[in-house]
Each structure stands twice: as structure tokens, then as C-alpha cells.
């Protein structure tokens, strides 16, 4: 007995295509070599370089797996550990109350972004066209996150000693400025205004962006008779301090 042809019965086999695998962004071989020269570390796993420099905008829906967010999370902790130990060695007689503000001054988003800019990290960060057109490569939060991700990548590839060597090299100048514990910009701004008999500043939260593990808060501070100043940070309090520092700078007061 002849079996009926499937084409005659109107039934066709379903074409079960496999889901496409996400394409992992890469900076390319030549740029990777240039990057490794800058950071002073030859990576055994080059994929860590690509991951550290991949902003979430280039991998929509795949951020947890392909972007630098997880490496940023790790690098933040490595940076804090290395800097905390260095401060304990440098200031042997200092109590916790004197070490904490120094630590905050050396690991905050502002200093991370400044060092990222100094070494030209913006030239390597992978962004989608829309984010790059908005100036994302020079945005403080993106630069700071990439810097922490790079530290995380170096740690995973070469261990704590390699990460410490990188941090020691590029945070050297920042350490030199900490002979005295930095003062809180909000307190300084308040004292400055009180001394002039002016009203106290007011702070307003303008936005909160970023993933849950690395939020970015933007705060604006208003001072009577002055143009508002804004600042950003990983917490509302940090953003307020950054805004206060920006206002002090506008007033010509060294923070």
C-alpha cells in the first residue's frame, strides 16, 4: 500500500529553526593590544576585555550575560579592598573615622571616571549608535562603570596582585592629595552660605537610572541667587555631595 504524500495531504513538517545565538561584541585584535598596553596586563582570556568594555546598550536583552555590569560589580569590590588596605598602611595611626572619608574620596564615581578619561578608556568602550550620539562615551557614569569593570576583568584574569598593580599605578596621584581627610562638600557649602548670611541650599532628586545593582542618581542643588548645579552618584547622598561640590566650584570655593 502506497503511503499518502505529505504534500497531497496539505501537511508539512514544521521548520524548527534554532534560536540565533547572540553575537558577542568585540573591540578587535589591534585595539585589544593597544588596550592591554595601556592597562599593563596581557590577558589570557581576551573575552574578558570585550566584556569589560561592552555597555548594556549594545546587547539589549542580554545585559546580564554579555555586558560589563557583572564585572563592574566585582571591580567595585576589588577597588575598595585594595584602596582600604593601602590607606591602612599609609595612615597607621588614623582611626576609622579618618579612613572612611579618604576611602570614599578614592573609590567614588567621580574619581573612577576621571582616571578612565585620563587613560583614554572612552576610545575603547562599546556603545550602540544612539548612546554614542548622546555622548555616552564621555558620560561620567559610563566611564566609571567601565573602569570598575576593567578592574574586575584584570582580577579574574590575573588575580589580586595584577589588579592591585593596576590600581596602584593609576590611583597614585589621587593618593597624594589625601594628606588630610577630605571634608564633606555639603557641610562646606552650608558653612559658606551661613558665613555670608544666605539661605541654606535645597537639594532635588532629578532622576534615577541604571540597573538595580548600580543605580545612577542625579541631584540638583539650588542656592538663592545662583544658577543650579547638578551631580550624580551611586546613591542619593553621593549625588547630593557631588552637586554640592559643583556648586562650591561655581562659587569659587575649593571643596
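What follows is calculated from the coordinates using simple rules that are stated; it is not laboratory data. Owing to the predicted nature of the structure, the values given are computational and were not obtained by experimental measurement. Methodologically, a virtual Cβ is constructed for each residue, glycine included, from the backbone with ideal geometry; neighbour enumeration extends over all protein chains shown.
Rg/Rh, computed from the Cα trace of segment 185-250 with Rh as the Kirkwood radius, has the value 1.03.
Dividing the Cα radius of gyration by the Kirkwood radius, what Rg/Rh value follows for segment 95-179? Using only Cα positions, Rg/Rh for segment 95-179 is 1.03. Computed over the alpha carbons of segment 29-176, Rg followed by Dmax gives 15.4, 51 Å. Evaluated over the Cα positions of segment 155-223, the convex hull gives a direction-averaged projected area, one quarter of its surface, of 7.8 nm². For the pair residue 119 and residue 29 in one chain, pulling the backbone fully straight at 0.36 nm per residue adds 30.5 nm over the alpha carbon distance. Averaging Cα coordinates gives a centre for segment 176-238 and one for segment 24-98; these two points are 27 Å apart. Its Cα gyration tensor gives the chain an equivalent ellipsoid; the semi-axes, largest first and in whole Å, are 45, 25, 15. For segment 44-95, the calculated P(r) over all alpha carbon pairs, in 5 Å bins from 0 to the bin holding the longest distance, is 4, 19, 18, 16, 12, 10, 8, 7, 5, 1 percent. Using R₀ = 35 Å, calculate the FRET efficiency as 1/(1 + (r/R₀)^6) where r is the Cβ-Cβ separation of residue 173 and residue 227; round to 0.05. FRET efficiency, residue 173 to residue 227: 0.70. Peptides 210-218, 86-94, 146-154 ordered by packing proxy, namely the average of other Cβ atoms within 10 Å per residue, highest first: 146-154, 210-218, 86-94. When each of 72, 96 is scored by the number of other beta-carbon atoms lying within 10 Å, the sequence from fewest to most is 96, 72. Under a Gaussian network description of the chain, with springs only between Cα atoms under 10 Å, the residue in 51, 77, 109 that fluctuates furthest is 77. For the chain, the 222 nm mean residue ellipticity estimated from helices alone, with every DSSP H stretch of n ≥ 4 adding -39500 (n - 2.57) and the total spread over all residues, rounds to -16000 deg cm²/dmol.
Put simply, when 220-227, 190-197 are sorted by average Cβ atoms within 10 angstrom per residue, most first, you get 220-227, 190-197.
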